[in-house]
Amino acid sequence: MSKKGSTATASPNIAFIKYWGNRDHALRLPANTSLSMTLANLRTETTVFFDDDLQSDQIEINGSPASEKAVARVSQHLDLIRSLAGSPAFASIRSQSNFPSGAGIASSASAFAALTAAASTAAGLEMDKKQLSILARRGSGSAARSIFGGFVQLYSGEVNDDGYAEQLAPANHWQLVDLIAVVTKEHKSTGSSEGHLLAPTSPIQVSRVQDAARRLEICSRAILQKDFLALAQIIEQDSNLMHSVMMTSNPPLLYLEPESISIMKHVTHWREDGLEVCYTVDAGPNIHCICSSDDSVEVERQLRLIDGVLDVFRCPPGNGVALTSSNEQTPQ
Ligand code: PMV
């Protein structure tokens, strides 16, 4: 029996205009259109082998067998690929990330982008980036954006095929840097999949979604015109709105830690003092400090002086998903 394998790498992304909540949970169609920057230096590498001799999917994440929950989610995604390819074989999957997962650094984005590219290729499907993006979205909404590099927009879509991402500007368009101030490397207790389900219970969600097109327009223009101040104001507002929805859900979700708030306040003061820096926070306590390349050295120096900052990851705009190998053998 032939064993077809493929390896792909993908980077996470940080959303400047975030999505939170789904308009269709089964299809993972986001409640609003979002806009992100793909992050260089952080990556997930995933190898998928379909093997007719396997009795179930075998999944290893960062050197250990995957949890039951992770296996269920990955297998569900592989089922989609198996049905598209018309081939029932189970797979062995190895995935390795060079950064902590589940701590608000969008590990599901790089994981499902890499898995989608590797598995679809190993299954013999030939997909363009738009099709890969639609498929990656079914695993994790933000993964649809990690198919592309640079600055990327994910349309909320009305039906499966119009919920895809596309590039707004390439990675070399604007030398921004995301300095991720890590305050915990622990896995968050409530993942974004459960969080999306809670979003409609917040009375703020409706207005957050209604106003999203305005924020998106301002953010896209700020990126295209490289207007840092306009970008700073809109992405901080967007992040604060999402965390307001989280905090006012039932039950409430509070991802921010005291150290997170402390960093956010420092960032605001540094900007008042003339540094080009602003913050945005995903579903976790770690703070993404977006800054101009010129000011990033000083911002990083100051971040490392703050109590509770365990580490700082430095991420310029990065590239989209890439296939690194494809062959017909068993993995060693
Ligand atoms: O891709 P998911 O389902 O993990 O959701 C991502 C949600 C946020 O990261 C908080 C926002 C976003 O648009 O990336």
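Worth pointing out:
- Rounded to 10°, Cα long-axis angle of helix 293-305 versus longest principal axis of the chain: 80 degrees
- Positive-pole candidate from MET247, VAL312, ILE263, dipole of the chain, charges at beta carbon: MET247
- Probe 1.4 Å, all protein chains present, accessible-area order of MET127, MET247, largest first: MET247, MET127
- Estimated D of the chain in µm² per second, where Rh is the Kirkwood radius over Cα pairs and Stokes-Einstein applies at 20 °C, 1.002 mPa s: 108 µm²/s
- The accessible surface of the chain, taken with every protein chain in place and a 1.4 Å probe, is 50 percent carbon and sulfur.
- When the range 183-253 is reduced to its Cα atoms, the Kirkwood hydrodynamic radius in Å: 13.5 Å
- Alpha-carbon centroids, the range 142-215 and the range 1-40: separation in whole Å: 8 Å
- Largest to smallest accessible area among ASP79, ASP57, ASP162, ASP294 [probe 1.4 Å]: ASP294, ASP79, ASP162, ASP57
- In the range 108-230, the ratio of gyration radius to Kirkwood radius, Rg to Rh, stands at 0.99 when only Cα atoms are counted.
- Helix 258-272 and the long axis of the chain differ in direction by around 60°, with both axes built from C-alpha atoms.
- Rounded if a/c under 1.5, otherwise prolate or oblate - the range 184-225, Cα gyration tensor axes: oblate
- Per residue, the accessible area of the range 169-295 comes to 44 Å² when a 1.4 Å probe rolls over the protein heavy atoms.
- Accessible area (Å², 1.4 Å probe, nearest 10) - GLU300: 40 Å²
- Along each principal axis, Cα extent of the range 45-195, largest first, Å: 48, 35, 27
- P(r) of the range 7-59 over all Cα-Cα pairs, binned every 5 Å from zero, in whole percent: 4, 15, 13, 14, 17, 18, 11, 7, 2
- For the chain, DSSP calls about 95 percent of its internal beta bridges antiparallel.
- Summing Cβ point charges (Lys, Arg +1; Asp, Glu -1) relative to the Cα centre of the chain gives a dipole of roughly 280 debye.
- Volume of the convex hull of the range 204-313 (Cα atoms only), normalised per residue: 101 Å³.
- Evaluating kT/(6 pi eta Rh) at 25 °C and 0.890 mPa s, with the Kirkwood radius of the range 257-323 over Cα pairs in the Stokes-Einstein relation, gives 193 µm² s⁻¹.
- Cross-link reach list, lysines versus LYS4, counting only Cα pairs under 27 Å and skipping chain neighbours closer than eight places: LYS69, LYS129, LYS130
- Nearest-20 debye value, the range 115-255 charge dipole, Cβ charges on Lys, Arg, Asp, Glu: 160 debye
- A Cβ-based charge dipole, computed about the Cα centre of the range 185-332 with Lys and Arg at +1 and Asp and Glu at -1, lands at about 280 debye.
- Using a probe of 1.4 Å, the accessible surface attributed to LYS265 totals some 130 Å² when neighbouring protein chains are kept in position.
- Put ILE204, ILE223 in order of accessible area, highest first, and with a 1.4 Å probe you get ILE204, ILE223.
- Straight-line cross-link partners of LYS226 among the aspartates and glutamates, defined as a Cα under 17 Å from its Cα and at least 8 positions apart when in the same chain: ASP178, GLU217, GLU236, GLU276, ASP294, ASP295.
- HN-Hα J in Hz across the range 168-174 - Karplus 6.51, -1.76, 1.60, θ = phi - 60°, x for Gly and Pro: 8, 7, x, 4, 8, 5, 8
- Measuring max minus min along each principal axis, the C-alpha atoms of the range 1-101 give extents of 47, 32, 23 Å (largest first).
- Against the main long axis of the alpha-carbon atoms of the chain, helix 107-122 sits at an angle near 30°.
- Toward the positive end of the charge dipole of the chain, with +1 on the Cβ of Lys and Arg and -1 on the Cβ of Asp and Glu, the farthest Cα among SER140, LEU231, SER36 is that of SER140.
The values are calculated or read from the model by the stated rules, or taken from the named source; none is laboratory data. As the structure is a computational prediction, the values presented were derived from the model and not from experiment. For neighbour counting, all protein chains shown are included, and Cβ atoms are generated from backbone atoms with ideal geometry for every residue, glycine included. Accessible surface areas use protein heavy atoms only, side chains included; no ligands, DNA or RNA. Shrake-Rupley method; radii C 1.70, N 1.55, O 1.52, S 1.80 Å.
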